Amino acid sequence: MTADKFQIGWSQRIRLEWLERTANLVLAGNDKDTVFASLQQDLQDQLSIGGTAKRGNREKVITILMKLWSVPPKHLQDFRNRGLNLLQVLPVKQHLLVHWGMATAVYPFWACVAEQTGRLLRLQGHVAAAQVQRRIRERYGERETVSRAARRVLRSFMDWGVLEDSGKKGVYVQGRNLPVDTSESMGWLIEALLRAGSRDSASLHSLMHSPSLFPFSFYGSVSLNTYPGLEFMRFGMDEDMVMLSK
């Protein structure tokens, strides 16, 4: 695990509509200062109401939103641009997969929580928050900040509808599941996984069946050869390897 993957970064509960709002502000051509000011105004009655702290919950949420869609890391700017293009052509009900991909690529901690959640859902059909937190602490250390951040990512999964309450406190079941049936959508998610894992290449089969993509189902024999962010190579008799485009 590289040094940056030890960073948590995602420390707040993030609603899907906030991400959608941020992306729309960027698509409208606003610079980062305008996006920041607009988000401050939009969220002033929802977070840190009446607060004046420079690093209150509202500011922490806005930092996450900005890093995802307004000022992503330089090496992810082309990836972000592809995501913005996707948001313009996909139906709104499928925008979740675009935000999921961006969160995965920018915040490895999000991807790690998603992976452990997906593994537990496959194994037992439900997931307990305590189980996820225990596994995450094994990777990120026995810190309260780790447990708290994992709880907030799980809460975001709930807000996004991909997890639902089981009726038992702290235990969740699979929520909505979105079909992925276009080369652009499939390529986007696969590229996100490669970037989250800081990997140059991986088998296509392993990526498509990654537990971190538990909210999605891949359908049909979609060709990814035209997706601009990826390159492909046949490895052995029947295994396709996928790598990031140079």
> Once label points are set 7 Å from the Cα along Cα→Cβ at both Arg139 and His75, what is their separation, rounded to one decimal in nm?
Replying inline: 1.7
> In nanometres, what is the gap between the two model label sites at Lys60 and Leu123, each 7 Å from Cα along Cα-to-Cβ?
Replying inline: 2.8
>> Net charge around His209, counting only other residues with Cβ within less than 15 Å of its Cβ (Lys, Arg = +1; Asp, Glu = -1)?
In response: -1
> Using a ≥ b ≥ c from the Cα gyration tensor of the stretch 187-246 (square roots of the eigenvalues), is it rounded, prolate or oblate, where a/c under 1.5 gives rounded and otherwise the larger of a/b and b/c decides, a/b for prolate?
Replying inline: rounded
> Tell me, what is the per residue accessible area of the chain in Å², probe radius 1.4 Å?
Replying inline: 49
> Calculated from DSSP H runs of 4 or more alone, at -39500 (n - 2.57) each and per residue, what is the 222 nm mean residue ellipticity of the chain, nearest 500?
Replying inline: -15500 deg cm²/dmol
> Fully extended, how many nm does the chain gain between Asp165 and Thr34 (0.36 nm per residue separation, minus their Cα-Cα distance)?
Replying inline: 43.4 nm
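Classify the stretch 107-205: rounded, prolate or oblate, from the alpha-carbon gyration tensor (a ≥ b ≥ c, eigenvalue square roots; a/c under 1.5 rounded; otherwise prolate if a/b is larger than b/c)?
The shape class here is oblate.
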> What is the gain in length, in nm to one decimal, between Asp181 and Ser245 on full extension, counting 0.36 nm per residue of separation less the C-alpha to C-alpha distance?
Replying inline: 20.9 nm
> Can you pick out the pairs among Lys60/Lys93; Lys74/Lys169; Lys67/Lys93 whose Cα atoms lie more than 30 Å from each other?
Replying inline: Lys74/Lys169
>> Rounded to the nearest percent, how much of the accessible area of the chain (1.4 Å probe, protein heavy atoms only) is carbon and sulfur?
In response: 48
>> Counting only other residues whose beta carbon sits under 13 Å from that of Arg152, what net charge do I get with K and R as +1, D and E as -1?
In response: +4
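Report the net charge of residues surrounding Asn24, where surrounding means a beta-carbon distance below 12 angstrom and charges are Lys +1, Arg +1, Asp -1, Glu -1.
-2
The values are calculated or read from the model by the stated rules, or taken from the named source; none is laboratory data. These numbers were taken from a predicted model, which means no experiment stands behind them. Neighbour counts are summed over all protein chains in view; Cβ atoms, including those assigned to glycine, are modelled from backbone coordinates with ideal geometry. Areas reflect the complete protein model, heavy atoms only, side chains present, ligands, DNA and RNA absent. Shrake-Rupley method; radii C 1.70, N 1.55, O 1.52, S 1.80 Å.
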